[in-house]
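Visitor: Got a structure here, written out as structure tokens. Questions coming.
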Amino acid sequence: MKNKPPPLDRPPVSDRLVGANRLFERDVLLQEGPRREPRVRSSIIGDKKLTARDAVSVKKADVKKADAKAEVRKENRLLGRNATPRNNGPEKSSRVVFDDPILPRTDSNLRRERGYSKVSPQGGNTKVSSSNQMSAVDEVRAKVSRKIIYRSLGLFVLLGSFAGIAYFATAPLTRLLERPLKSVAVEGQFQFLPKDRAMELIEKEIDGDFLQLNLSRLKNELERDPWVDHVYLGRRWPDTLVVKIAEQTPIARWDANGFLNQRGEIIRVTETDKLLGLPWLQGNEINAREIMQQYQDLSTLLRSRGLEIVALKCDNKKSWRLTLKNDKEIAIGREEVMEKLRRFVTVYDKFLSSVWGDVKTIDVRYSNGISVQWIPDSEMAKRYLKPEINIPTK
């Protein structure tokens, strides 16, 4: 048998890749024209700083080493050697990392280039040894214990400071609390309540020093008086008590021993001499607010004509009757009070205003007019009233 020719030696895949890279680099150099000097850029091989040119030389050395290994494998095939060199682990190759030429050479950039010791390139945390974990826990516990100690010391110092201040301030505070009251300033209009009466009420309740006065009790005692609406009390340093009294505002008299204030409340008093100039309202106490409101509406309508209400009465049947100045009475009835009074005002403007002195009473309870009663022996009575005819007796 003829000996078969030995197989053609084909370069390994790595050699072919290296050759293709060389051809590509050559074509690129031909296209670019004359070769330019590469920019010097710092890089790291292990812990050694290199430039871009040094990195190219290192790459060429790696290519030569690969060619040498390919020749050794070829020689072994020709000699029939099948043994392969013992693999002692992955080959150590130099790692080339190029910097960003814009960033400065700071410690943070160097750490980024060399790689973080506790973080993997994929972003995951590396495993921390149990000793490191224990040390971190102990450090946290130490910090917490120190905070507790510091806070306890601060609280102790604060309480001690308060105790010292209280001890040294006891005597001055005692002298301040025992300051006597020297004067009382009473303010108000005192139109219905005599000022002497107010001073008597105040003197009864002053039984302590300046800061130990019971102001709420004094206020309640003063507001029990029917003529007092509300009271304001205050201390004026160093030893004066200020009392401001606001009296009730009577709007109208109510029955025989009381009056209505601005809120429609019935206030009972024993002395009514100062209320004689007010209008007199009569009726059921349940309807007191309604009566006062009706009085204000009627008074507003009549005041524009110079007519003044001196009395307003509402009986149990809710029938209204008012008395004007000079004892002129008007009977209104139970319904349509304001409409009936407007009808009276119309008649008053057209006819009654000129003969108002001869009018005695007026009745507006009719649906389409009013009736007038004249004073006897007045001119209007002589004109409109027929004289009585005396029939002689036999």
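The values are calculated or read from the model by the stated rules, or taken from the named source; none is laboratory data. No experiment lies behind these values; they were computed from the predicted model shown. Cβ sites come from the backbone with ideal geometry, for glycine too, and all protein chains shown count toward neighbours. Note: areas computed on protein heavy atoms with side chains; ligands, DNA, RNA excluded. Shrake-Rupley method; radii C 1.70, N 1.55, O 1.52, S 1.80 Å.
Visitor: Within the range 302-320, track down each residue that is closer than 17 Å to residue 348 by Cβ and open to solvent by less than 40 Å² (accessible area, probe 1.4 Å).
Guide: 302, 307, 309
Visitor: Of all residues in the range 215-259, which are among the aliphatic types (A, V, I, L, M), more than 28 Å from residue 278 (Cα to Cα) and touching a Ser or Thr at 6+ places or on another chain (Cβ under 9 Å)?
Guide: 233, 241
Visitor: In the range 178-200, which residues are out of contact with any strand residue (DSSP E or B) (no Cβ under 8 Å at 6 or more places or on another chain) and within 18 Å of residue 226 (Cβ to Cβ)?
Guide: Those that are out of contact with any strand residue (DSSP E or B) (no Cβ under 8 Å at 6 or more places or on another chain) and within 18 Å of residue 226 (Cβ to Cβ): 194, 196, 197, 200.
Visitor: Another question, if that's okay. Which condition number in (1) within 17 Å of residue 311 (Cβ to Cβ); (2) open to solvent by less than 30 Å² (accessible area, probe 1.4 Å); (3) in contact (Cβ under 8 Å) with a residue 40 or more places away in the chain is the one that residue 251 fails?
Guide: (2)
Visitor: Could you check, for the range 345-363, whether at least one of its residues is touching a helix residue (DSSP H, G or I) at 6+ places or on another chain (Cβ under 7 Å), touching a residue at least 40 places away in the same chain (Cβ under 8 Å) and surrounded by 13 or more Cβ atoms within 10 Å (Cβ to Cβ)?
Guide: yes
Here's the yes/no breakdown for (1) at pLDDT 90 or above; (2) open to solvent by less than 50 Å² (accessible area, probe 1.4 Å); (3) closer than 20 Å to residue 323 by Cα:
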{"site": "244", "(1), (2), (3)": "yes, no, no"}
{"site": "255", "(1), (2), (3)": "no, no, yes"}
{"site": "282", "(1), (2), (3)": "yes, yes, yes"}
{"site": "290", "(1), (2), (3)": "yes, no, yes"}
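Visitor: Something else about it: Could you pull out the residue among 321, 383 that is free of Cβ contacts under 8 Å to residues at least 24 places away in the same chain and under 22 Å from residue 254 (Cα atoms)?
Guide: The unique qualifying residue is 321.
Visitor: What number of residues within the range 214-241 are open to solvent by less than 60 Å² (accessible area, probe 1.4 Å) and touching a Leu at 6+ places or on another chain (Cβ under 7 Å)?
Guide: Qualifying residue count, the range 214-241: 11.
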